[in-house]
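Report on the following structure.
Bear in mind these aren't lab numbers, they're just calculated from the coordinates by the rules spelled out. Every value quoted in this text rests on a predicted model; they were computed, and no experiment measured them. As a convention, Cβ positions derive from the backbone with ideal geometry for all residues, glycine included, and neighbour counts pool all protein chains shown.
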Amino acid sequence: MSEVFHGGVRDLGQLTPVDSVVTIGNFDGVHKGHQVLLRRAVDAARGRGARAVAITFDPHPAAVLRPGSEPLALQPLEERVAALLELEVDLVVVLAFTPELSQLTPEAFVTEVLARPLATRRLIVGTNFRFGHRAAGDVVSLVEGGEEHDFEVEAVTLLELEGRPISSSAVREALTNGRLSWANRALGRPYCLHGEVVEGEGRGRTIGVPTANVAVPPGRLVPGNGVYAGTAGVGGRRWPAVTNVGLRPTFDGRSRTVEVHLLDADRNVDLYGRDLEVGFEHRLRDEQRFDGVDALVAQIQADIARARVLLG
């Protein structure tokens, strides 16, 4: 039975020190590069009868070290933990990133996080992994720590896609710049976000294309402005959908919105106040300004037709 542990460095003493194969990282998005590390950790743990452990951090280190500079998240914490558990690790440690943790030297980090509480016997990290005060620790530091505390270190080269290393920052950049296909392939699944359906201006219904206005929680990454084909779901039901992200320039919009038009849904379905998950599978086009409502509606119908083809 998999477990999840939340706590700070001082709380790690509550864990039972069982021989473990450990991988560590922020793991935002749990993309294909992360999945390589996690699967190697699980396979190695099964091979030696040990526990597979994934250590992640909350909040993002930048939120503590440089408040306001932290990147927009690809996943909320609960989704990240669920994705880690789906890869069959035995224990997810959500380590609170605090000023205290940021001050640990690499040597103290190895002792107080990896060696004593977890009884690490093998550590699997990416070749670019840095840790400890001022990110002074690297793979060489880990190897030295492993020699002292009796664990092996495996450094895995970053996975590449189309010649570019897969990383959370690369996925964020691709989503922001409209390269949805690359981002989805790097993630290994369509990018998703969710939020409460709130009252909008009601224009969609007046032009025959009703939309659900999704209030995305602060701190979440929203793909770049444009029109997308994908899915939307709530309460176990899912529909194909066309989603517009942007400023609604035809109506001189000033605020960025996420508006979702459900295809084939009962027009009487009531989504207000409910949490809607929106999946982004295909980017249809950039957002653009039209000369009038008729031109806009014609383009929306063309978008819907193309979405139906792409979504099958």
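At-a-glance table
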item	result
Spherically averaged projected area in nm², based on the convex hull that wraps the Cα atoms of segment 125-248	11.7 nm²
Phi to ³J(HN,Hα) by Karplus 6.51 cos²θ - 1.76 cosθ + 1.60 over segment 298-312, Hz, x for Gly, Pro	4, 5, 4, 5, 5, 4, 5, 4, 5, 4, 4, 5, 5, 8, x
Percentage of interatomic Cα-Cα distances in segment 24-82 larger than 12 Å	70 percent
Low-density loop positions, chymotrypsin sites (Phe, Trp or Tyr not before Pro), segment 265-297 - DSSP coil, at most 11 other Cβ in 10 Å	Tyr272
Amide H contacts of Thr105 (H built 1.01 Å from N, under 5 Å, at least 5 apart or other chain)	His133
Positive dipole terminus of the chain, leading residue within Pro165, Ala73, Ile304 (C-beta point charges)	Ile304
Cα centroid of segment 5-83 to Cα centroid of segment 254-312, whole Å	36 Å
Test item: Cα-centred dipole of the chain, Lys/Arg +1 and Asp/Glu -1 on Cβ, debye	740 debye
For the chain, with +1 on Lys and Arg beta carbons and -1 on Asp and Glu, the positive-most of Ala62, Gly273, Pro210 along the dipole	Pro210
Cα shape, segment 3-164, gyration tensor, a/c 1.5 rule	rounded
Cα-centre dipole for segment 142-282 with unit charges at Cβ (Lys and Arg positive, Asp and Glu negative), debye to 20	1120 debye
